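A quick write-up on the structure given underneath.
What follows draws every value from the coordinates through simple rules; no lab data is involved. No experiment lies behind these values; they were computed from the predicted model shown. Positions of Cβ are backbone-derived with ideal geometry, glycine not excepted, and every protein chain shown enters the neighbour counts.
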Amino acid sequence: MHQVERAIFDLRRGMPVVVDQTLVYPTESIDPKLSDLLLDQTPTLVVSNHRLNALKHPTDESALALPLKPSPDKKWVDFQAVHEAASSPQTDLDALFDAPRPATEAEQAALALMRRALLLPATLTVSLEDALKARVESLIADGTLLMVDTEAAKNCYSLSDGLVKCISEADVPLDKALKTRFILFREPDGLREHVAVVIGDRNEWPEAPPVRLHSSCLTGDLFGSLRCDCGEQLQNAVAAIQEQGGGVLLYLSQEGRGIGLANKLRAYALQDTGLDTVDADQLLGFGEDERRYQVAVDILTALNIPKIHLLTNNPIKLDALASGGIEIAERGSLFGRVTDQNRRYLDAKQRRSGHWLEEVLERS
């Protein structure tokens with residue numbers, strides 16, 4: 001696990017890592033001090049099936065490797081321009097790349113690391129051979145580069161299951177719930193922290209206390225963005241839990257349905273060109289919803305809350321908690337306002353993701 005955690009931080013800094021015998025670069029940025037490792041190579045762009053399908057190049061593979069065509073000037077340090085060109089549905093991929101092939105296990109593991117690091121799920125890879133292999137091995141030996149096992153990288157999401165830790169807690173009275181305690185939990189990779197907002201006196205809770213899983217939304221929760229209904233749902237959830245005798249709101253660090261704030265803003269820019277929220281995420285290379293709810297199961301287990309009344313419009317949350325061993329006694333809906341700015345977003349959630357929003361959309 002420690003090697004994976006270190007690899008995630010290196011990738012976020014623009015540093016390459018080695019996954020078994022494959023040198024892996026994040027496509028968002030390439031550390032200039034190590035970019036010369038690419039100069040005498042012919043790199044390969046590895047992208048997810050979501051991105052290829054969005055680019056009208058459908059594939060049944062989970063990821064494809066697209067070898068860049070050899071370039072006489074070897075300016076692979078300017079690779080970002082190629083990466084951005086390959087993001088357009090109008091791009092002739094055949095002009096940029098040789099025949100695609102299924103991604104290797106190591107390349108698929110590299111994409112998993114990118115997702116976990118909240119980077120674009122695309123990577124530039126080079127197979128370690130001959131002189132490059134010797135040089136990279138020396139950089140690994142002196143600590144400049146990090147090597148990660150393929151299997152550990154592929155399983156980077158599940159490595160932290162059951163290992164979330166309670167770090168700190170304090171009373172934080174809220175406008176809609178005066179008796180409230182915040183309990184902070186941290187995942188072992190150190191990247192994500194989640195807060196259990198415990199409302200009311202536990203001794204007075206109903207047998208199945210109301211529970212809300214709320215994914216963090218900086219734009220909506222803090223700034224009141226009209227592009228979504230997240231801020232209103234958050235406030236309404238606190239009020240609803242208080243009115244029902246107390247319970248828990250889990251504030252989960254899963255910005256943008258799990259893709260992170262940077263990628264959420266990229267998706268917003270794509271939505272402004274006419275794409276809906278699902279298509280925008282997929283053009284970036286992400287699935288329809290990248291969130292995972294095992295951490296919610298772990299926190300509820302740590303709080304000794306085995307049976308709940310779940311406040312959600314999302315069937316995935318219901319299934320995820322139930323499959324994790326949390327008993328769902330009943331489900332309740334929770335809505336925000338429908339506005340001119342968020343109607344398209346809410347409509348896509350209902351139409352394409354199966355959220356139970358008919359009631360609020362029909363009456364608005």
Checklist entry - What order do you get for 205, 356 when you list them from fewest to most C-beta neighbours inside 10 Å? => result 356, 205
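What percent antiparallel are the DSSP beta bridges of the chain, to the nearest 5? Intermediate results must be reported in sequence, preceding the final value.
Numbers: 39 of 53 bridges.
Antiparallel bridges make up about 75 percent of those DSSP assigns within the chain.
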Checklist entry - Short version: ³J(HN,Hα) in whole Hz for each residue of segment 218-235, in order, from phi by Karplus 6.51 cos²θ - 1.76 cosθ + 1.60 (θ = phi - 60°), x for Gly and Pro, what are they? => result 4, 5, x, 5, 9, 9, x, 3, 8, 6, 9, 10, 4, x, 5, 4, 4, 5
Checklist entry - Each residue of segment 287-299 in turn: what ³J(HN,Hα) in whole Hz from Karplus with 6.51, -1.76, 1.60 and θ = phi - 60°, glycine and Pro shown as x? => result x, 4, 8, 8, 6, 10, 10, 4, 4, 5, 4, 4, 5
Next on the checklist: I need to check one value: relative contact order of segment 177-258, counting alpha carbon pairs closer than 8 Å and at least 6 residues apart, in percent.
Outcome noted: 39
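For the chain, what's the relative contact order in percent, using C-alpha pairs closer than 8 Å and at least 6 residues apart?
Working: 666 pairs, mean separation 56.2, N = 364.
Reported as a whole number, the value is 15 percent.
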Checklist outcome for this item: Computed ³J(HN,Hα) along segment 313-318: with the Karplus parameters 6.51/-1.76/1.60, θ = phi - 60°, integer Hz and x for glycine or proline, the list is 10, 10, x, 5, 4, 4
Checklist outcome for this item: Expressed in Å to one decimal, the Kirkwood Rh of the chain from all distinct alpha-carbon pairs is 22.1
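Please state, rounded to one decimal and in Å, the Kirkwood hydrodynamic radius that segment 2-156 gives when every pair of distinct Cα atoms enters the mean of 1/r. Working shown, then result.
Values: mean 1/r = 0.0646 Å⁻¹.
Radius from the Kirkwood sum: 15.5 Å.
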Checklist entry - In nm, to one decimal, how far is the modelled label at residue 165 from the one at residue 99, with both set 7 Å along Cα→Cβ? => result 5.1
Checklist outcome for this item: With a ≥ b ≥ c from the Cα gyration tensor eigenvalues, square-rooted, and the rule rounded for a/c under 1.5, otherwise prolate when a/b > b/c and oblate otherwise, segment 1-73 is oblate
Checklist entry - What does the convex hull of the alpha-carbon atoms of segment 218-364 project to on average, in nm²? => result 8.9
Checklist entry - Under a no-solvent Debye model with one identical scatterer per Cα of segment 142-285, what's log10 I(q)/I(0) at q = 0.17, 0.21, 0.22 Å⁻¹? => result -1.06, -1.27, -1.31
Next on the checklist: Of the candidates 41, 108, 341, which one comes out as most mobile in a Gaussian network treatment of the chain with C-alpha springs shorter than 10 Å?
Outcome noted: 341
